[in-house]
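Each remark here refers to the structure printed beneath this line.
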Amino acid sequence: MTFLLNSDSIIFCPHGGMVIHTPLSGTSYRVDGRFPMLLGDLYQVAGCPFMSNYGNSCNLVTWVTASNLLIVKGQPALIATSVGLCQSFSGGSQGPAIVSAIRSTQMEPDNLTVINY
């Protein structure tokens, strides 16, 4: 059991760019008054300073693990131990996302919970 991530959580790419969460589910469910971060939401990276000869700064985060116990509008919720992989504009892997601050006191449930609102 671990903390749920919400839109107030602070996440960075491996180079220090800020991950911006855009909810897509249309849920009215909230985690500590904020939108829950769900596997199918959009996660863009702003301000990644990494540049190579190919201009490969971080652009998006694709989450590969999420809660098995909280499903909101058909999407698993992200938790503090979720793993996200940052990708460049060209689709190349840039490394793992870093969950820096979890501003939630709400924990993942003990049993499977499905929220459909």
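Observations, loosely collected:
- From the list Ser88, Ser82, Ser67, the one residue that fits, being of a type outside the set (D, E, K, R) and under 17 Å from His15 (Cα atoms), is Ser88.
- Restricting attention to the range 24-46 and to residues that are surrounded by 16 or more Cβ atoms within 10 Å (Cβ to Cβ) and under 10 Å from the mean Cα position of the chain (by Cα), the residue that is farthest from Asp110 (Cα to Cα) turns out to be Tyr43.
Let's see how each residue does on (1) touching a Gly at 6+ places or on another chain (Cβ under 6 Å); (2) in contact (Cβ under 8 Å) with a residue 40 or more places away in the chain:
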residue: Thr2; (1), (2): no, yes
residue: Phe12; (1), (2): no, yes
residue: Ile20; (1), (2): no, no
residue: Pro23; (1), (2): no, no
residue: Phe35; (1), (2): no, no
residue: Val61; (1), (2): yes, yes
residue: Ser67; (1), (2): no, yes
residue: Ser82; (1), (2): no, yes
residue: Gly95; (1), (2): no, yes
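- Selection within the range 1-23 - closer than 18 Å to Leu69 by Cα and surrounded by 14 or more Cβ atoms within 10 Å (Cβ to Cβ): Phe3, Leu4, Leu5, Asn6
Readers should treat all values here as calculations from the given coordinates under stated rules, not as data from a laboratory. Since this is a predicted model, take the numbers as computed values, not measurements. Reconstructed Cβ throughout: ideal geometry from the backbone, glycine too, with neighbour counts over all protein chains shown.
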